[in-house]
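Have a look at the structure below, then the notes.
The values are calculated or read from the model by the stated rules, or taken from the named source; none is laboratory data. Bear in mind the structure is a predicted one, so any value in this text is a computation, not a measurement. Backbone-built Cβ (ideal geometry, glycine too); neighbour counts: all protein chains shown. Just so you know, the surface numbers come from the protein's heavy atoms only, side chains and all, with ligands and any DNA or RNA stripped out. Shrake-Rupley method; radii C 1.70, N 1.55, O 1.52, S 1.80 Å.
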Amino acid sequence: MSTTTTIQAEASKPQINKMQECRRCKDAGFPNQLIGFEKLGDDPSTGKVKWKLVNGDGQQHIHKTNIQQQQNYDRPVFKRRRVVDIATVTDVQEAKKLLESGWEYSSSYPATLANIPHYILVKREKNQ
């Protein structure tokens with residue numbers, strides 16, 4: 001008679017040999033911040049496994065960042081301006097007038113059936 005023994009390993013507990021350096025903290029100028037991953041469970045709607053970042057002592061890991069970078073996260077680096085209107089013109093003088101009145105050059109199509117260049121200009125919403 002043979003007996004089999006099964007050992008269930010728990011992957012949810014962080015282990016010291018599974019710790020790795022946090023790249024996000026390292027990029028912010030704080031090297032040697034060791035983190036591990038703790039399994040929280042499965043998301044029933046998506047079926048994916050949820051994980052939590054933990055420090056070596058088992059506490060939840062909070063990314064370190066310097067104050068200047070944190071202020072930059074609060075406001076967008078580039079303010080997007082929506083395109084309000086698009087104009088396609090064939091006359092160079094008309095394109096120049098539109099550019100002078102605030103339109104932006106987007107692109108041009110030099111080869112058409114009649115060999116007339118088309119200039120594509122866009123008008124964006126005003127900055128506030």
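Taking amide H as placed 1.01 Å from N in the peptide plane, the amide H of Q33 sits under 5 Å from that of C22, each at least 5 places away or on another chain. At R0 = 25 Å, how high is the FRET efficiency between K39 and I62 if r is their beta carbon distance? Nearest 0.05 is fine. Efficiency, rounded to the nearest 0.05: 0.85.
A 1.4 Å probe over all protein chains sorts S107, S45 by accessible area into S45, S107, starting with the largest. Each of L99, L121 has its accessible area taken with a 1.4 Å probe; listed largest first, they run L99, L121.
When D85, D43, D27 are compared by accessible area of protein heavy atoms, the largest-first order is D27, D85, D43, using a 1.4 Å probe.
Near the amide H of H61, within less than 5 Å, lie the amide hydrogens of L53, V54, N55, all on another chain or at least 5 residues away, with H placed in the peptide plane.
Charged neighbours of H118, selected by a Cβ distance under 14 Å, balance to -2 (K, R count +1; D, E count -1). The simple spin-label model puts a point 7 Å past each Cα toward its Cβ; for W51 and D27 those points are separated by 1.6 nm.
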